[in-house]
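Engineer: Pasting a structure here, questions to come.
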Amino acid sequence: MLGTKIVRVAAVAVLAVSLLLASGCDSVKGVFDSKDDTSTTTALPVTSMPKPKPVVKSVEATTSGMDSHYYAILEITIENKGSDGTVIVRATLTQGGVTQTNDMITNLDKDKTQTLPLVFPLKWQGGDWTQTVDVIVP
């Protein structure tokens, strides 16, 4: 009997504390309310981060080696007309109907020019080879 009475008193005490806290929350809420109920919150426009604007200024192609140790070397000069940032330089070389692609990730500084070497191992297949270079801004 005494145990049941303690449980009832505890339940009433918990209920009283809950009601007290709940009523206090309403009074605190008024402190944070805006006095002007007609105002609305507007989100700021999403602005993208400035990115690099790479321009391929030149590609100088040379070869080196002999027999099975033959290489095409592309010296790629890139000017950055945008902000600092990371770019992917992708060069493709085709010779004798075979195409190879080589990628290099690099950081370009604003208003600077940078020269990157990309090396392609080749098997001499006769004839000329052609190259293309693209710069990708991720």
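Engineer: Can we say Leu116 is among the aliphatic types (A, V, I, L, M), farther than 27 Å from Pro52 by Cβ and open to solvent by less than 50 Å² (accessible area, probe 1.4 Å)?
Structural biologist: Working: among the aliphatic types (A, V, I, L, M): yes; farther than 27 Å from Pro52 by Cβ: no; open to solvent by less than 50 Å² (accessible area, probe 1.4 Å): yes.
When the stated conditions are applied, Leu116 does not pass them.
Engineer: For Glu60, work out the one condition from (1) assigned to a loop (DSSP other than H, G, I, E, B); (2) closer than 16 Å to Asp134 by Cα; (3) open to solvent by 70 Å² or more (accessible area, probe 1.4 Å); (4) of a type outside the set (Val, Ile, Thr) it doesn't fulfil.
Structural biologist: (1)
Engineer: Among the residues of segment 79-98, write down those that are assigned to a strand (DSSP E or B) and open to solvent by 80 Å² or more (accessible area, probe 1.4 Å). Outline the logic, then answer.
Structural biologist: Step one: list which residues in segment 79-98 are assigned to a strand (DSSP E or B), which gives 79-80, 85-95, 98.
Result: Arg90, single match.
Engineer: If you don't mind, there's one more thing I want to ask. Does segment 69-78 hold any residues that are surrounded by 15 or more Cβ atoms within 10 Å (Cβ to Cβ) and within 19 Å of Lys57 (Cβ to Cβ), and which are they?
Structural biologist: The answer is Leu74, Ile76, Thr77, Ile78.
Engineer: Would you check if Lys123 is open to solvent by 80 Å² or more (accessible area, probe 1.4 Å), over 13 Å from Val135 (Cβ atoms) and out of contact with any helix residue (DSSP H, G or I) (no Cβ under 6 Å at 6 or more places or on another chain)? Break it down stepwise before answering.
Structural biologist: Details: open to solvent by 80 Å² or more (accessible area, probe 1.4 Å): yes; over 13 Å from Val135 (Cβ atoms): yes; out of contact with any helix residue (DSSP H, G or I) (no Cβ under 6 Å at 6 or more places or on another chain): yes.
Answer is yes for this residue.
The values are calculated or read from the model by the stated rules, or taken from the named source; none is laboratory data. Predicted model only: the values in this text are computed from it and were never measured. Every residue, glycine among them, receives a Cβ derived from its backbone with ideal geometry; neighbour counts consider all protein chains shown. Side chains included, ligands, DNA and RNA excluded: accessible areas come from the protein's heavy atoms. Shrake-Rupley method; radii C 1.70, N 1.55, O 1.52, S 1.80 Å.
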